[in-house]
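The values are calculated or read from the model by the stated rules, or taken from the named source; none is laboratory data. Quantities reported herein were computed from a predicted structural model and do not represent experimental measurements. In this analysis, Cβ positions are derived from the backbone assuming ideal geometry, glycine residues included, and neighbour counts consider all displayed protein chains.
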C-alpha cells in the first residue's frame, strides 16, 4: 500500500502522561576487549510481557548518538505507549564500524534483547526494528539478512533472530544508485561507509550492501518517506516497494507530501504525522 500525508497540519503533539516506565541508561549489549556498545533501555511499569522496539538512530553511518533529536524524542513516548524500547548506539564508519560491522552491531543488540527477554519481561516474538535514515538502512539490512549467514550477530552467533517487522524512516535502499550520482553529498557518505570493505573485496560493489538486493528474504516492512527529501530521494522507497512486492513480501510505503529528510528530528506537523503512523503500525502488527 502506498499513500501520502495530506492533512498533516491538523495533528497535535502526542501526550507524555501515558503509562509509567523505568529508564536504564548505558546498558551494554556488546562487551569485549575491542568493542563496547550500549543503549538506553525503557521498560513500562506494567504487568506481563512487553512488545519491543529496537530503535536505531541516523547520522550517515559517520556520526550520531542515541540521544539525538528524533530517537530521544521517540523513545520515552514509545515507552509511555506500552513498548519496551532499546535505543542503541552502534559503531561509526570511522570508529571501527562501517559495512558490515554496523549491521552486525544492530544484530548483536537484537540478539541481546532475545537473550535477556525474561530479565526485562520482553515479548521476544514482538520485536520491531525502527530506524531513521542510516539507522533505517541498518534495520532493513539486519532484518533482511537475519536468517542467513551474512553479517552475523558476532557476540551471539547461536541466537535465532526473529522480528515482528521493520519500520524505516527515509532509508537509503540502493547504494549502487547512490554511487552513480557523483557529486551528490550522500555519495561521499556511502563511500566512507563502504571504503574499508570495498578495499578488501575488489570483486564486489555497492549493490552487495543494499537492502533492495535482499528483497527476496525481506520481512514485513513499513517505510515513511518525505517527497522533498534531497538526501535520500523518494524514488528509493518506491524501488524497494516494488522489489519487495515482486517477492510477495508485505510492504507499505507512505510518502509525506511536504516533508524533507530527517523530518522526525524537528517539531511540526510532519513529525507528528510520522509519530501517529509509527504508533498505528506498531499496534496493528502487535495484535
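For this structure, a couple of remarks:
- Members of segment 88-99 that are part of a loop (DSSP other than H, G, I, E, B) and crowded, with 20+ Cβ neighbours inside 10 Å: 89, 90, 92, 93, 97, 98, 99
- Filter result (free of Cβ contacts under 8 Å to residues at least 40 places away in the same chain and in a helix (DSSP H, G or I)) within segment 209-225: 212, 213, 216
- Condition met for residue 270 (touching a residue at least 60 places away in the same chain (Cβ under 8 Å) and either closer than 23 Å to residue 164 by Cα or surrounded by 21 or more Cβ atoms within 10 Å (Cβ to Cβ) (or both)): yes
- Hits in segment 145-160 - residues which are within 16 Å of residue 125 (Cα to Cα) and surrounded by 21 or more Cβ atoms within 10 Å (Cβ to Cβ): 146
- Residue in segment 78-87 that is in contact with a helix residue (DSSP H, G or I) (Cβ under 7 Å, 6 or more places away or on another chain), in a helix (DSSP H, G or I) and either surrounded by 21 or more Cβ atoms within 10 Å (Cβ to Cβ) or in contact (Cβ under 8 Å) with a residue 40 or more places away in the chain (or both) present: no
- The one condition in (1) more than 11 Å from residue 51 (Cα to Cα); (2) over 15 Å from the mean Cα position of the chain (by Cα) that residue 102 fails to fulfil: (2)
- Taken as a whole, segment 274-283 holds no residue that is at pLDDT 95 or above, crowded, with 17+ Cβ neighbours inside 10 Å, touching a helix residue (DSSP H, G or I) at 6+ places or on another chain (Cβ under 9 Å) and over 18 Å from residue 128 (Cβ atoms).
- The set of residues from segment 144-193 being within 21 Å of residue 265 (Cα to Cα) and either in a loop (DSSP other than H, G, I, E, B) or at pLDDT below 95 (or both) comprises 170, 171, 172, 173, 185, 186, 189.
- Residues being in contact with a strand residue (DSSP E or B) (Cβ under 6 Å, 6 or more places away or on another chain), within 22 Å of residue 213 (Cα to Cα) and either free of Cβ contacts under 8 Å to residues at least 60 places away in the same chain or surrounded by 20 or more Cβ atoms within 10 Å (Cβ to Cβ) (or both) - total across segment 226-264: 6
- Options 109, 142, 153, 136; residue that is free of Cβ contacts under 8 Å to residues at least 60 places away in the same chain and under 23 Å from residue 278 (Cα atoms): 142
- Hits in segment 231-240 - residues which are assigned to a helix (DSSP H, G or I) and farther than 15 Å from residue 165 by Cβ: 235, 236, 237, 238, 239
- Residues (under 15 Å from residue 161 (Cβ atoms), in a loop (DSSP other than H, G, I, E, B) and touching a strand residue (DSSP E or B) at 6+ places or on another chain (Cβ under 6 Å)) located in segment 100-143: 117
- Test: residue 122 is crowded, with 20+ Cβ neighbours inside 10 Å and within 17 Å of the chain's Cα centre (by Cα): no
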